[in-house]
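These notes are about the structure you will find just below.
The values are calculated or read from the model by the stated rules, or taken from the named source; none is laboratory data. Note that the structure is a prediction, hence the values are computed from the model and not measured. Cβ placement follows ideal geometry from the backbone for every residue including glycine, while neighbour counts extend to all protein chains displayed. All accessible areas refer to the heavy atoms of the entire protein, side chains included, with ligands and DNA or RNA removed. Shrake-Rupley method; radii C 1.70, N 1.55, O 1.52, S 1.80 Å.
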Amino acid sequence: MYYLVIYDVPSDRIRPKLADICLDHGLMRIQYSAFFGEMAVEYKQALLGKLKRRLGDAEGNIQIYPICERDFKQHQVYINLAPATEKKEKKETS
């Protein structure tokens, strides 16, 4: 099963630690506070436990969404636009 993990945590001290936990579980960062990857259900439970412990009583929320493989492969859309400065540099060198 694929999982999307997103979080909104105001603490600058806790946020990077949550990211490290996600990366340690083999998820790839797709946005600053969003991670994606494939995991067995048991690993998802372990990840959730670690994220909850790290957040502790601090303000914030963590959400984990399951995404089935069929839907992911059929409906994934990926758009990657270069920042405006990169586009200008590429145009000038052409």
> If only one of Y78, Y7 is under 15 Å from the mean Cα position of the chain (by Cα) and either modelled with pLDDT under 95 or in a loop (DSSP other than H, G, I, E, B) (or both), which one is it?
Replying inline: Y78
>> Taking the conditions exactly as written (surrounded by 10 or more Cβ atoms within 10 Å (Cβ to Cβ) and in contact with a strand residue (DSSP E or B) (Cβ under 8 Å, 6 or more places away or on another chain)), does I62 satisfy them or not?
In response: yes
>> Given the condition assigned to a strand (DSSP E or B) and either of a type in the set (K, R) or open to solvent by less than 70 Å² (accessible area, probe 1.4 Å) (or both), answer yes or no: does some residue in the range 11-19 qualify?
In response: no
> For K73, are the conditions met, namely being basic (K, R), assigned to a helix (DSSP H, G or I) and more than 18 Å from M1 (Cα to Cα)?
Replying inline: no
